[in-house]
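Visitor: I am attaching a structure below and will ask some questions about it afterwards.
FYI, it's all coordinate maths here, none of it is from the lab. Worth saying up front: this structure is predicted, and the values here are computed from it rather than measured. Quick reminder, even Gly has a Cβ in these numbers, built from the backbone with ideal geometry, and neighbours come from all protein chains shown.
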Amino acid sequence: MVAVVALLVVGGIALFNAVNTGDDTKPQQSARASASGGRQHSGGQKASASTPLVIKVVGSSATNVLVTVAGSNHVLAQGQLNPGEGRRIEDAPLNVVASDGGAVQVTICGKVQPRKPSGQRGTWFVDKC
């Protein structure tokens, strides 16, 4: 199980690097998320214990974020989040990658995750709540 999670994290990082173009677009909801009934909300909403993922930039600089459906290459959100911006994703399981893990506050199933070191890539796995 640990090996599977490790492969998913490595795959998420590779996918992030492959699709990150460095442009300043905000994360977009994919067609798959819309077609499957998946919901993505912008920041400003509080996380509940049943919300799989809330990610918000709490640092002073923007960071690139990639959220994919675990076990696939389906992108639910991708792009740059500016300070104060956030996203709430109602689907799970997920792989989450942030280019600066120290700039974001990640809440998984209502629990705030420990912050990553500033300037280092952050990765998280979100299971169903």
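Visitor: Would you mention how many residues in the stretch 107-129 are surrounded by 14 or more Cβ atoms within 10 Å (Cβ to Cβ) and either of a type in the set (D, E) or assigned to a loop (DSSP other than H, G, I, E, B) (or both)?
Guide: Within the stretch 107-129, residues that are surrounded by 14 or more Cβ atoms within 10 Å (Cβ to Cβ) and either of a type in the set (D, E) or assigned to a loop (DSSP other than H, G, I, E, B) (or both) number 7.
Visitor: Next question. Would you pick out the residues in the stretch 67-104 that are assigned to a strand (DSSP E or B), of a type in the set (A, V, I, L, M, F, W, C) and within 21 Å of P117 (Cα to Cα)?
Guide: V67, L81, V96, V97, A98, V104
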